[in-house]
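Heads up: the structure comes next, in structure tokens.
The values are calculated or read from the model by the stated rules, or taken from the named source; none is laboratory data. Being a predicted model, the structure only gives us computed values, none of them experimental. All Cβ positions, even for glycine, are placed from backbone atoms using ideal geometry, and neighbour counts span all protein chains on display. Surface accessibility is based on the protein's heavy atoms, side chains included, excluding ligands, DNA and RNA. Shrake-Rupley method; radii C 1.70, N 1.55, O 1.52, S 1.80 Å.
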Amino acid sequence: MDLSDMRKKYKGDEDCFEESQLVSLDPFKQFGDWFDRATRCPDIGEANAMCIATATPDGRPSARMVLLKEYSDEGFRFFTNYESRKAGELESNPYACLVFYWEPLNRQIRIEGNVERIPYQSSCDYFHSRPKSSQIGAVVSRQSTPVPNRDYLRQKNAELEQKYTDTEVPMPDYWGGYVVKPYLMEFWQGQTNRLHDRIVFTKPKNGEAELEALQHPAEGGWVYQRLSP
């Protein structure tokens, strides 16, 4: 099927994203500004939905949508099954890329970083803040493993609903959170003429003190520059 005619208008040059429009030279604060705008947009159902891409040690990638559950200067937190494919790849190759795409705003944010498990108690606190049905669902699902049919999951779910009717659901040891600690954060805004705006913040490695050509100092040890679309 030829899809070459599928195209839409984005923003015009008068609505471009200039460096002077950065609300902060701290990329976490800039993320917060765009994220807040996305949460206030009535046409965006889940502003915290993000694609997370992982890869095996030999570079075979996989990607899926998950929900961001917390962000701070430390990084970006999400929760999952530690036996899932994504978790297996993160354990053997602890790097990930996150992408937020807010189509009504013609904006996306791309984040690359190192990934670590969060402390057990932090995972436990979040687990027990979830609706009980979600807690039971997390226990039922041995994510990414084959099951015979959906009735198998329904039966397991019903058994646990009965078992934990009047008691707390214990967090399974195969479930918990990760934090993505970024070393790159890119802010993209679409332009109709495809001269899209791309402003990228990077965190130089220890010892890399000198700015490269066209880089500018930012806050917290970050640097930023504009990239060609």
Pairs where the first residue, in the range 167-185, is within 30 Å of Val223 (Cβ to Cβ) and the second is assigned to a loop (DSSP other than H, G, I, E, B) and open to solvent by less than 20 Å² (accessible area, probe 1.4 Å), C-beta under 7 Å, 6+ apart = Gly177/Ile118; Tyr178/Ile118; Val179/Ile118
request  = Go through the residues of the range 23-31 one by one and say whether even a single one is assigned to a strand (DSSP E or B) and either within 19 Å of Glu91 (Cα to Cα) or open to solvent by 60 Å² or more (accessible area, probe 1.4 Å) (or both).
outcome  = no
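Pick from the range 154-187 the residues that are of a type in the set (A, V, I, L, M, F, W, C) and farther than 30 Å from Arg110 by Cα: which of them is most open to solvent (accessible area, probe 1.4 Å)?
First, pick out the residues of the range 154-187 that are of a type in the set (A, V, I, L, M, F, W, C): 158, 160, 169, 171, 175, 179-180, 184-185, 187.
Next, only the ones that are farther than 30 Å from Arg110 by Cα stay: 158, 160, 169, 171.
Numbers: Ala158: 51, Leu160: 32, Val169: 2, Met171: 23 Å².
Per the criteria, the residue is Ala158.
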Residue satisfying condition, being over 25 Å from Asp197 (Cβ atoms), without any contact (Cβ under 8 Å) to a residue 12 or more places away in the chain and open to solvent by less than 60 Å² (accessible area, probe 1.4 Å), within set Ser129, Ser134, Ser84 = Ser134
note = Across (1) more than 17 Å from Glu112 (Cβ to Cβ); (2) at pLDDT 95 or above, Trp222 clears everything bar (1)
inquiry  = Residues to consider are Val147, Val169, Val180; find the one that is at pLDDT 95 or above and assigned to a loop (DSSP other than H, G, I, E, B).
reply    = Val169
note = Selection from the range 37-58 of residues open to solvent by 70 Å² or more (accessible area, probe 1.4 Å) and either under 24 Å from Glu219 (Cβ atoms) or hydrophobic (A, V, I, L, M, F, W, C) (or both) yields Arg37, Thr39
